[in-house]
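All remarks here apply to the structure that follows.
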Amino acid sequence: MPTQNRSEAVSIFDRVTDRAAGNAEKYTLRQKLFGTEDVLPMWVADMDIETPQCVRDAVARRAAEPIYGYEEMPDSAFEAQMEWMQQRHGLDLQREWLFYSHSVVASISTAIMAFSEPGDEVVVQPPIYPPFMKQVQRHERRLLLNPLKQDARGSWHFDLDDLKAKISPKTKLLLLCSPHNPVGCVWEKRELESLAAVCLEHGIKVFADEIHSDLVYAPYRHIPFASLSPEVCGITVTAIGPGKTFNVAGLAISTVAVADVAMRRRFDEVYQQIHFAQGTVFGHAGFEAAYREGEAWLEALLTYLKRNSDRLAKVLDGVEGIEYHAPEGTYLAWLDCRKMGFDSDRALREFFIKEAKLGLSPGISFGREGSGFMRLNFAVPTPVMDEALKRLESALEKR
Ligand SMILES: Cc1ncc(COP(=O)(O)O)c(C=O)c1O
């Protein structure tokens, strides 16, 4: 199969698709979320950049077959992901560890149900992707909040003293986000090791949501939590998939890796109770093609995304009140607007909607710790980025 070369891919990223004409939720929910359609939507974490051609071709080939009946995810698809994880991240997975999942959030729920009881405590580290908190509450577990802390240079860290002080015999599970949405942090090996040591000492299992792991900018490197040691691997459930990497969230396909036999048996019980289906014919086709043929596209994409992040940094450089530390991973900019002088999160949000005409995610939706921040998704083609920066600059100038 041909691999897309880099220069070809770069021009592809510049293409603007009219997603407003279709069913993309980034656009269809504008009225509901922002009270107007007159915003450039830069919120939900998918890209306005075309899915790679190799994936679209594979889906089209499958669509041309005349029957869309039941289909198991083929071993060859799992193997493609296993090779990818080995080569790009040094994570050795075994076929029997892997489960298909239509959604990482559903996998989080499965782990909560499998490894804790109602009333038990589940650790989350806000500010955090909101379903981490919501799913814990929906399953009637107690949220053990262990907020991240920021150092003087603006980098984010785990607060392990806080965690150790809060752990109780009821603390059963920790939901790790790595790389972290929304702060964009790519956790260092020694930080992960320190967190793992606390979890091992207290018998806490870890759900490692590593869905953003391929979107990491040099010189940073994603370290899979399960790769730290065999002991750590034995307490870890890892969620990975092509959804963010290749912009295929709509194919609803990811996997979950559970190495420990007893944990896998328990995870499987809940998985069967829920009756997870085995994926879609299009998902299987796109998933395998992405991992087998998408690497050159991804490398070019990372350069492209970094450029958008740098452009945003340039516009915000010297703007009083907004601090921007470019993310180490993800395409999400976590803007610290606490010194802009707004007296509420509502007023801050209104500024971005009404003055800048940008539809961002309010930081407060990622937990109390996100108050005063806004999250901007910069995974857009250059012409859209031009427009976004123009709107932002003009709104900031008028203030
Ligand atoms: C950290 C994280 N986990 C999970 C998801 C959603 O995954 P899924 O659509 O597979 O449920 C997102 C989407 O933004 C995310 O950022």
Query raised in the report: Within the range 253-268, can you find the residues that are among the hydrophobic types (A, V, I, L, M, F, W, C) and open to solvent by 50 Å² or more (accessible area, probe 1.4 Å)?
Result: 261, 262
Query raised in the report: Could you list, in sequence order, the residues of the range 375-399 that are hydroxyl-bearing (Ser, Thr, Tyr) and within 16 Å of residue 354 (Cβ to Cβ)?
Result: 394
Report summary line: Of the conditions (1) away from the ligand (no atom under 16 Å from the Cβ); (2) in contact (Cβ under 8 Å) with a residue 40 or more places away in the chain; (3) in the same structural domain as residue 301 (by TED's automatic domain parsing), the single one that residue 74 does not satisfy is (3)
Query raised in the report: Do we have residue 333 as among the aliphatic types (A, V, I, L, M) and closer than 28 Å to residue 136 by Cβ here?
Result: yes
Report task. Select from the range 46-68 the residues that are touching a helix residue (DSSP H, G or I) at 6+ places or on another chain (Cβ under 8 Å) and either small (Gly, Ala, Ser) or closer than 20 Å to residue 386 by Cα (or both) and list them in ascending order. Result -> 46, 48, 49, 50, 58, 63
Report summary line: Among residues of the range 186-200 being touching a strand residue (DSSP E or B) at 6+ places or on another chain (Cβ under 7 Å) and either among the aliphatic types (A, V, I, L, M) or open to solvent by less than 10 Å² (accessible area, probe 1.4 Å) (or both), the residue farthest from the ligand (Cβ to nearest atom) is 199
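Checking the condition closer than 22 Å to residue 295 by Cα and open to solvent by 10 Å² or more (accessible area, probe 1.4 Å), which residue from 241, 250, 203, 234 passes?
Among 241, 250, 203, 234, only 250 is closer than 22 Å to residue 295 by Cα and open to solvent by 10 Å² or more (accessible area, probe 1.4 Å).
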Requested in this report: May I ask you to say which residue of 80, 111 is within 16 Å of the ligand (Cβ to nearest atom), modelled with pLDDT of 95 or more and either open to solvent by less than 80 Å² (accessible area, probe 1.4 Å) or acidic (Asp, Glu) (or both)?
Outcome: 111
Requested in this report: Just give me the residues in the range 206-254 being more than 16 Å from the ligand (Cβ to nearest atom) and either within 20 Å of residue 52 (Cβ to Cβ) or not assigned by TED's automatic domain parsing to the domain that holds residue 277 (or both), in sequence order.
Outcome: 217
Requested in this report: Among the residues of the range 114-157, count how many are more than 15 Å from the ligand (Cβ to nearest atom), under 22 Å from residue 364 (Cα atoms) and assigned to a helix (DSSP H, G or I).
Outcome: 1
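Could you please give the count of residues in the range 279-331 that are part of a loop (DSSP other than H, G, I, E, B), open to solvent by 30 Å² or more (accessible area, probe 1.4 Å) and within 16 Å of the ligand (Cβ to nearest atom)?
Residues in the range 279-331 being part of a loop (DSSP other than H, G, I, E, B), open to solvent by 30 Å² or more (accessible area, probe 1.4 Å) and within 16 Å of the ligand (Cβ to nearest atom): 2 in total.
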Query raised in the report: Which residue pairs have Cβ atoms closer than 8 Å, lie 6 or more positions apart in sequence or on different chains, and pair a first residue in the range 35-51 that is at positive phi with a second residue that is away from the ligand (no atom under 11 Å from the Cβ)?
Result: 35/353
Query raised in the report: Counting only residues that are in a helix (DSSP H, G or I), within 30 Å of residue 123 (Cβ to Cβ) and open to solvent by less than 10 Å² (accessible area, probe 1.4 Å), how many does the range 340-399 have?
Result: 4
Query raised in the report: Which number in (1) away from the ligand (no atom under 16 Å from the Cβ); (2) open to solvent by 40 Å² or more (accessible area, probe 1.4 Å) marks the one condition that residue 93 misses?
Result: (2)
Report task. Of all residues in the range 223-275, count the ones that are under 17 Å from the mean Cα position of the chain (by Cα), assigned to a helix (DSSP H, G or I) and among the small types (Gly, Ala, Ser). Result -> 2
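Have a look at 303, 330 and point out the one that is in contact with a His (Cβ under 7 Å, 6 or more places away or on another chain) and β-branched (Val, Ile, Thr).
330 is the lone residue from the list that is in contact with a His (Cβ under 7 Å, 6 or more places away or on another chain) and β-branched (Val, Ile, Thr).
The values are calculated or read from the model by the stated rules, or taken from the named source; none is laboratory data. The model shown is predicted, which means the values in this text are computed figures rather than measured ones. All Cβ positions, glycine included, derive from the backbone under ideal geometry; neighbour counts span all protein chains shown. Heads up: the accessible areas ignore ligands, DNA and RNA and are worked out on the full protein's heavy atoms, side chains in. Shrake-Rupley method; radii C 1.70, N 1.55, O 1.52, S 1.80 Å.
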